[in-house]
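Inspection log for the structure reproduced underneath, given as structure tokens.
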Amino acid sequence: MGAFRPQLDTQADFLKNFIYLGIMNSALAVLVVIAHPDDETIFAGFIHALVHKLHATVDLVCVTNGEGGFRHSAPCEYLYDNLELSNESIGRQHLPRIRKQELFASGKILGIRKYFFFDQLDLKYDRNVDIVFAEQWNKKLIIELLEQVIITGNSTHGYDVMLIMLPSTQSHGHHTASGLLALETIEHLQKNKSSNIKIPTVIGGAEFVLNELPTYLSNPLVEICSILPNEFRFNRTWKLSSTTNIPDYQTIVTWACSEHKSQGSLIAETLTTFTREHEQYFYFSINNEQHDRTRIQLIEHIFKQLAHIHEYNTGNVLKQQ
Ligand SMILES: *[C@@H]1O[C@H](CO)[C@@H](O)[C@H](O)[C@H]1NC(C)=O
Ligand SMILES: *[C@@H]1O[C@H](CO)[C@@H](O)[C@H](O)[C@H]1NC(C)=O
Ligand SMILES: *[C@@H]1O[C@H](CO)[C@@H](O)[C@H](O)[C@H]1NC(C)=O
Ligand SMILES: CC(=O)N[C@H]1CO[C@H](CO)[C@@H](O)[C@@H]1O
């Protein structure tokens, strides 16, 4: 399929493009929800392009304080006043401050505007989200805080899109838990019929390369929409501009990762276990609650615009899913 170009052939097309133009008249506002400082690197290409190509406003919620990252901190100690950060008690004391600074530096590259830190306990790695909720996080508080950010974070304009970490049984329990709580917050806002709060359209970004539709059976809120397209891709091998010798988005990803020096293995992991040509984003069924086609059209439009903008790369046009 070719890149998106407005064609006003039919009444339906006219209406569709009318909606698109409406979308593009005001810049998008996007809220990203992650579990730890450095998780934003999983979505780095897309976030960078949203800000620098589509002039979107991107704000970010980080659920934990990242203190559990002390295990990876030995190589950077000389950069941080020779603090023995790999010692658990010293690391837990200093990493919340250090990792926030690292996130700001990465966010400066990506173009993140505002940060909301929920400072939840980053106790230990556990894939079981029930244990995360029982022993580490205050679930009710997180939902309340997230609701406040959605309502007030971009004043009366609200957020158009919310990007969350796609829940997966293979992921760090904190990643999945942050996604689940974001979906629960959306459900809670949808149920409140008396409010006229703008509810963002939610998409989930995958941490692993997925060759089939993700399934997460333990919570129905994670259901991916069965109507196509339900998956959208951002091609990290696209170049930032048409000029020769301009780097691609893989470079941006590496730049962002390199700001998280307290997480020594992040670049190595990103180049091996997590290496990918595409970032993959999935559209949740929960968005269809109000049978509002403009929601899926907005997401389709964003990704088609991005493919179109990077068209100077040969063969980069997104295939119809
Ligand atoms: C870690 O640091 C604390 C506080 O300085 C110290 O009491 C403890 O012995 C250190 N642990 C190790 C394994 O070095
Ligand atoms: C529903 O929304 C209204 C208006 O925003 C708010 O005052 C009320 O507290 C909300 N109810 C619940 C249960 O969250
Ligand atoms: C991603 O972009 C590269 C470079 O332009 C291109 O070779 C590749 O085919 C693209 N992948 C898809 C699926 O569009
Ligand atoms: C008050 C505020 O931050 N408003 C922003 C909300 O989002 C739009 C779209 O990105 C921005 O243009 C506003 O500045």
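The values are calculated or read from the model by the stated rules, or taken from the named source; none is laboratory data. In this text, all values refer to a predicted model and were calculated from it rather than measured experimentally. All Cβ positions, even for glycine, are placed from backbone atoms using ideal geometry, and neighbour counts span all protein chains on display. Just so you know, the surface numbers come from the protein's heavy atoms only, side chains and all, with ligands and any DNA or RNA stripped out. Shrake-Rupley method; radii C 1.70, N 1.55, O 1.52, S 1.80 Å.
Please tell me if Ile164 is under 23 Å from Ser218 (Cα atoms) and either within 18 Å of the chain's Cα centre (by Cα) or in contact (Cβ under 8 Å) with a residue 24 or more places away in the chain (or both).
Spelling it out, Ile164 is indeed under 23 Å from Ser218 (Cα atoms) and either within 18 Å of the chain's Cα centre (by Cα) or in contact (Cβ under 8 Å) with a residue 24 or more places away in the chain (or both).
For the stretch 143-194, give me each residue that is more than 16 Å from ligand 4 (Cβ to nearest atom), of a type in the set (Val, Ile, Thr) and either crowded, with 19+ Cβ neighbours inside 10 Å or modelled with pLDDT under 95 (or both).
Listed by number, the residues that qualify are Ile164, Thr169, Thr176, Thr185, Ile186.
I need the full set of residues from the stretch 219-238 which are in contact with a His (Cβ under 7 Å, 6 or more places away or on another chain) and open to solvent by less than 40 Å² (accessible area, probe 1.4 Å), in order please.
Result: Phe234, Asn235, Arg236, Trp238.
If you go through the stretch 279-299, how many residues are touching a Phe, Trp or Tyr at 6+ places or on another chain (Cβ under 8 Å) and among the polar types (S, T, N, Q)?
Adding up the residues that qualify gives 2.
Quick grid of which residues meet (1) at pLDDT below 90; (2) touching a Phe, Trp or Tyr at 6+ places or on another chain (Cβ under 6 Å); (3) more than 30 Å from Leu79 (Cα to Cα); (4) open to solvent by 40 Å² or more (accessible area, probe 1.4 Å):
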residue: Leu240; (1), (2), (3), (4): no, no, yes, no
residue: Thr243; (1), (2), (3), (4): yes, no, yes, yes
residue: His260; (1), (2), (3), (4): no, no, no, no
residue: Glu277; (1), (2), (3), (4): no, no, yes, yes
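When residues of the stretch 279-315 are filtered for being within 18 Å of Ser168 (Cα to Cα) and of a type outside the set (Val, Ile, Thr), how many remain?
Final tally of qualifying residues: 7.
In the stretch 127-138, which residues are open to solvent by 20 Å² or more (accessible area, probe 1.4 Å) and either modelled with pLDDT of 95 or more or not basic (Lys, Arg) (or both)?
Answer for the stretch 127-138, where residues must be open to solvent by 20 Å² or more (accessible area, probe 1.4 Å) and either modelled with pLDDT of 95 or more or not basic (Lys, Arg) (or both): Asn128, Asp130, Ile131, Phe133, Ala134, Glu135, Asn138.
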